[in-house]
Amino acid sequence: MFEPSAKPHVFAEAPGVDFPAALVEGLHARAKAHPPEALARVQLVVNTRRMARRIRDLFDAGPPCLLPQISMITDLGETQDLSRLPPAVPPLRRRLELTQLISRLLDQQPDLAARSSLYDLSDSLADLIDEMQGEGVSPQTIRDLDVSDLSGHWARTQQFIAIADQFIGSDELDVQARQRKVVENLIGHWQVAPPRHPIILAGSTGSRGTTLMLMEAIARLPQGALILPGYDFAQPTSVWSGLDDALLSEDHPQYRFRKLMRGLDLSPDAVEPWTGWEPPSPARNRLVSLALRPAPVTDAWMTEGAHLTDLPDATKGFTLVEAPSPRSEALAIALRLRQAAEDGQTAALITPDRMLTRQVSAALDRWSIIPDDSAGLPLQLSPPGRFLRHVAGLFVRRLDGEALLTLLKHPLCHMGGARGDHLRQTRDLELDLRRHGPPFPDVEGFEAFASRRLAGQVEIPPAWLDWLGDCFVDQQVSGELSLTQWVERLRNLAEAISIGSARDCDDILWDKNNGQKALEVFSKLEAEAEHGGDMTARDFADLIGAILADEEVRDRDAPHDHIMIWGTLEARVHGADLLILGGLNEGSWPEAAKPDPWLNRQMRDAAGLLLPERRIGLSAHDFQQAVCAEEVWLTRATRSDDAETVASRWVNRLTNLLSGLPDQGGPEVLKEMKARGQLWLDRADVLEEAPAIPAANRPSPRPPVTARPRRMSVTEIKRLIRDPYAIYAKHVLRLKRLDPLVQAPDALLRGIVVHEVLEKFVAGTLEHPETLTREAFLAQARTLLDELVAWPTARKLWLARIERMADAFLVSEEQRRAIANPIAFEAKLKQRLDPLDFELVGRADRIDQNARGDLYIYDYKTGAPPTAAQQSKFDKQLLIEAAMAEEGGLEGKDPMQVAAAVFIGVGGSFKEVPAPLDKEPPAKVWAELRELIEAYFDQEQGYTARRMLHRDTDIGDYDHLSRFGEWDRTTEATPEDLT
């Protein structure tokens, strides 16, 4: 197939050319002069499976012929029995072994890194070892690095990398080490007996050391050849020679080709076109080539830019989208992809930004377009991945309502039968947990829930309750277990939760594409678990999350034939009518270099490992290959996360070059490119445009008098004065705030607990006065805190607050005892307001009585007690209680005179605030209360929202219902008669 030559056979196709199509066309053209079976003898080596599939599809499309042998680089040599090497060590096993080593390192040197970074460190070290093996760098090279001028951190990591000795130099080879051995053996065999059949390596740039070594060997074979993708034929020889300095040129898209040519002793013009195909726009190829010149020679813009006289042709079909936000960018892309689908175009979004691809996929879903995403969904975000992570979380912490309900509502939970009954029981359990608790569900709590439901004539199946107790309660593990035990425990528990209490069928968890992928990953973990050692529940949960995050699963639904989402590497396989290069911002494309905790840039360069610039150069080559296609979009968001973004360096170079060519019409064509992009951004804005909705009025509903409340508590009078709408929503609409699912040690619970402590302590001292001491008070507090508060941290904090105010409380208690003695705790109050047919109820925290029969009413406040002025106008709780006592409303007591009523502040500090009975005597308060209630029995009186709240920042339970925010306190209330 190739004429004998003293020089290596190196061919290429220009950027923008459909590389697989040109490759197949060139093979057909060269096979015409040979017998039909000659093509079958060709061994075609490619670097990606997508490339192999595309080539196979092109051959299947015709004309009829015998197919060449298509293989991957990683498969080369395996079928020729040349390696005689054992299988590579599974990457997961190596990762587990490294995790144990790094775990011990962090135990010995905790200042090296946080424990939470254990798996990130093991991943980065595994990547480093792979890279060392791929580039042929020995651990001795790392140990020999001079770090005398660097910080002590790098010296420590240099010593630790010595652990690579036992992996790189052992008989058990990693994937990269084995691949290098295979290639070395294959090259050795070729030197003794060169193959007579053609061997063609196509589509690779030689970015890794092993691949570059293989490419050089194939190029020197008598019937070997290389076909390079995206070779810049428009680049002058002087620029090629300027790429020799790696430190200055390694981020250039053509640098790897220059390195290959140096290894083969070839000049740039010795690289021949594989076919006679012209790129879609040779003018654009020249423009992009000039824009991407290495930084030291960008002065060529001034000399060579004058020769770019065909800029309109170069930018034809070129669109620049600069969106104000990532959402706008995604919508514009989705609209264009939808248009392509309607027009029958083949279109591909190329980007490394997975967040952008998910946003575009979500936008396309509104038109039922499922793109063919080459990457798929991260396994950790799939239903089985989330489910396994939630189950592993049960081992880490004590079960709370959120963790329980998250799993009970998961679509993979209780799939073995009676799923509908399970969801109804889960709904009832959630409401019960919100209202009754406990904060940490247990078997006793589940039984109490079943009893309450049974009292409501609803029976909860015992099998479901047993399943809850067996699968969810007491799963927390405080010690260490071996990874084998953890994996077995997780699988058994996950399957039991997934099957449920009915147990009608098995293996629901591992069903469908994502389930099968999860089972595959889990089976690998089971097989390698013996190499994982012992670990805590937290470390195991982190390990499961890290392993699932490394895997991806393709959507089971059939994707659209012509709408695709690709990674940057697949720009070489494009063959699409429209390419959209998305996320072109610094940090996205090119991606930000990952921080290396083991070797800094200087050490990497000295050791011969990959530098960040090499990765940028690879991205640059993918960009150059894609941007030279026939129709191209360049998209970016100018802002992200409330911050300005920086345009990708390649976009910057293109726009700056065009802006600097006014004589050739550069600014004009750039303006046209942006205008084409703005057109689609405007369409995206129209798509997002919501109809204008007028702001809501400040409500003041006026329900019929017969529907208005006839009974309220004393504490609700304050709300009636300050926010009448809340009374309307609660008593007329009968709406109640949903209790939080996860109970927390909040102010409400603290108030309840402190009230209980004070009541029990004071009641106990009535029979045993000698216990009115600090020690007895704090002992009582500790006992009740242990009984009523499930959170250890909250117990300690609240006990500290009680200790701070204990002395002041005891002194004041002695003063209160000198005046009167307690006669009731949590005393019930009830009094009717006749003839209004209205009943007022309440409960006094404590009532004392002196020798003359006068009452003293006390109310404990864990918050700030209201001032006398606030009590006079709004917070009338104690004043009303005093009035009710004098009116005979105290249960079991005749009307009695109230000598005093006092708020006792027992929060962080002790404070007493008496009610202003002298200025607001009970008779006056009762008359004003009657007047207030009577006013709301007038049909013209509305329940105005937030009528007189203390602060604008105060939050009410029904603010969302009144649509507060669309109006404020300056807005006039709008009465509305209701029927």
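The values are calculated or read from the model by the stated rules, or taken from the named source; none is laboratory data. Since we're looking at a predicted model, the values are computed, not measured. Note that each Cβ is placed from the backbone with ideal geometry, even for glycine, and that neighbours are counted across all protein chains shown.
Numerical summary
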| quantity | calculated |
| --- | --- |
| Contacts under 7 angstrom Cβ, first residue in segment 593-608 being part of a loop (DSSP other than H, G, I, E, B), partner hydroxyl-bearing (S, T, Y), 6 or more apart | D596/S124; P597/S124; P597/T157; W598/S124; W598/T157 |
| Test result for S325, out of contact with any Phe, Trp or Tyr (no Cβ under 6 Å at 6 or more places or on another chain), among the hydroxyl-bearing types (S, T, Y), outside the structural domain of F19 (by TED's automatic domain parsing) and at pLDDT 90 or above | yes |
| Looking only at segment 639-655, and only at residues there that are farther than 17 Å from K671 by Cβ and hydroxyl-bearing (S, T, Y), the one that is farthest from the chain's Cα centre (by Cα) | S648 |
| Some residue of segment 747-754 being free of Cβ contacts under 8 Å to residues at least 60 places away in the same chain, outside any helix (DSSP H, G or I) and under 37 Å from the mean Cα position of the chain (by Cα) | no |
| Single residue of segment 637-655 satisfying the filter (touching a residue at least 40 places away in the same chain (Cβ under 8 Å) and either in contact with a Gly (Cβ under 9 Å, 6 or more places away or on another chain) or polar (S, T, N, Q) (or both)) that is nearest to E304 (Cα to Cα) | T655 |
| Filter result for the condition that a residue is exposed (fewer than 14 other Cβ atoms within 10 Å of the Cβ) and part of a loop (DSSP other than H, G, I, E, B), over A744, A790 | A744 |
| Members of segment 844-885 that are part of a helix (DSSP H, G or I) and among the aliphatic types (A, V, I, L, M) | A868, A869, L878, L879, I880, A882, A883, M884, A885 |
| Criterion: surrounded by 15 or more Cβ atoms within 10 Å (Cβ to Cβ) and either of a type outside the set (G, A, S) or farther than 30 Å from F318 by Cα (or both) - qualifying residue of P694, P703 | P703 |
| Flag for Q43 being within 17 Å of L214 (Cβ to Cβ), surrounded by 14 or more Cβ atoms within 10 Å (Cβ to Cβ) and without any contact (Cβ under 8 Å) to a residue 60 or more places away in the chain | no |
| In segment 469-500, the residues that are among the small types (G, A, S) and under 19 Å from P384 (Cα atoms) | A494, A496, S498, G500 |
| Condition met for S523 (among the hydroxyl-bearing types (S, T, Y), touching a Leu at 6+ places or on another chain (Cβ under 7 Å) and either crowded, with 21+ Cβ neighbours inside 10 Å or without any contact (Cβ under 8 Å) to a residue 12 or more places away in the chain (or both)) | no |
| Within segment 463-474, tally of residues that are part of a helix (DSSP H, G or I) and within 15 Å of L394 (Cβ to Cβ) | 6 |
| Helices (runs of 4 or more DSSP H) contained entirely in segment 116-205, each with at least 3 residues that are surrounded by fewer than 17 Cβ atoms within 10 Å (Cβ to Cβ) and either within 32 Å of the chain's Cα centre (by Cα) or at pLDDT 80 or above (or both) | 175-192 |
| Helices (runs of 4 or more DSSP H) completely within segment 475-587 that count 1 or more residues being over 27 Å from M415 (Cβ atoms) and within 26 Å of the chain's Cα centre (by Cα) | 537-549 |
| Selection status of V42, touching a helix residue (DSSP H, G or I) at 6+ places or on another chain (Cβ under 8 Å) and of a type in the set (V, I, T) | yes |
| Sole exception among (1) within 41 Å of the chain's Cα centre (by Cα); (2) assigned to a loop (DSSP other than H, G, I, E, B); (3) among the hydrophobic types (A, V, I, L, M, F, W, C) for L248, by number | (2) |
| Tally, over segment 512-528, of residues that are of a type in the set (D, E) and touching a helix residue (DSSP H, G or I) at 6+ places or on another chain (Cβ under 9 Å) | 2 |
| Scope segment 29-40; condition loosely packed, with under 14 Cβ neighbours inside 10 Å, among the charged types (D, E, K, R) and part of a helix (DSSP H, G or I); matching residues | E37 |
| Counted residues, segment 573-598 - those being hydrophobic (A, V, I, L, M, F, W, C), farther than 25 Å from V46 by Cβ and touching a Leu at 6+ places or on another chain (Cβ under 7 Å) | 2 |
| All positions within segment 1-28 that are in a helix (DSSP H, G or I) and without any contact (Cβ under 8 Å) to a residue 12 or more places away in the chain | none |
| Residue check for D432: free of Cβ contacts under 8 Å to residues at least 60 places away in the same chain, crowded, with 17+ Cβ neighbours inside 10 Å and not hydroxyl-bearing (S, T, Y) | yes |
| Tally, over segment 372-400, of residues that are farther than 30 Å from L349 by Cα and surrounded by 22 or more Cβ atoms within 10 Å (Cβ to Cβ) | 5 |
| Residue among S368, S374 that is of a type in the set (S, T, Y) and modelled with pLDDT of 90 or more | S368 |
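Each row is one residue, and each column tells you yes or no for (1) among the hydrophobic types (A, V, I, L, M, F, W, C); (2) over 27 Å from L311 (Cα atoms); (3) in the same structural domain as I199 (by TED's automatic domain parsing).
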{"position": "P229", "(1), (2), (3)": "no, no, yes"}
{"position": "Q235", "(1), (2), (3)": "no, no, yes"}
{"position": "G263", "(1), (2), (3)": "no, yes, yes"}
{"position": "L287", "(1), (2), (3)": "yes, no, no"}
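Condition check ((1) under 22 Å from the mean Cα position of the chain (by Cα); (2) outside the structural domain of V487 (by TED's automatic domain parsing); (3) of a type in the set (G, A, S); (4) part of a strand (DSSP E or B)) across all residues:
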position: P384; (1), (2), (3), (4): yes, no, no, no
position: F387; (1), (2), (3), (4): yes, no, no, no
position: A392; (1), (2), (3), (4): yes, no, yes, no
position: R397; (1), (2), (3), (4): yes, no, no, no
position: L412; (1), (2), (3), (4): yes, no, no, no
position: G416; (1), (2), (3), (4): no, no, yes, no
position: D421; (1), (2), (3), (4): no, no, no, no
position: Q425; (1), (2), (3), (4): no, no, no, no
position: E430; (1), (2), (3), (4): no, no, no, no
